Amino acid sequence: MQDILNALIVIVVAIAVLSWSISILRKRQRNQMDYPQGLRPDTEPNSGTDEIRRMALAGNKIEAIKRYREIHGVGLKEAKDAVEKLIKENPAGSGNH
């Protein structure tokens with residue numbers, strides 16, 4: 001009886017791990033789905049950088065971060081860092097911030 005219980009516990013844990021793994025893979029696949037040949041939009045010309053920079057320099061930094069995440073499929077920290085870098089790289093924006 002104990003052997004059957006142990007086997008069931010192992011099966012339940014295995015199913016949980018498998019389900020979790022599949023959900024992570026699906027999320028990654030959704031993030032890469034629209035990118036031709038596995039390229040992310042940020043590797044393509046005119047990938048929304050100008051739009052994001054304009055938003056950030058106009059004082060809409062949060063919206064710029066949201067838009068960056070939407071376009072590039074990255075996390076909050078990476079998007080925030082990228083938007084801040086765009087602001088710093090802008091010659092006209094250097095005196096504004």
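The numbers here are math on the coordinates, done by the rules we state, and not lab data. What you are looking at is a predicted structure, and each value in this text was computed from that prediction instead of being measured. Glycine gets a Cβ as well: all are built from the backbone with ideal geometry, and neighbour counts include every protein chain shown.
Averaged over residues, the count of other Cβ atoms within 10 Å places the peptides 58-70, 11-23 in the sequence 58-70, 11-23, highest first.
Multiply the residue separation of residue 19 and residue 60 by 0.36 nm, subtract the distance between their alpha-carbon atoms, and state the gained length in nm to one decimal. Present the calculation step by step, with values, prior to reporting the outcome.
Values: separation 41, 0.36 × 41 = 14.76 nm, distance 3.87 nm.
My answer for the length gained is 10.9 nm.
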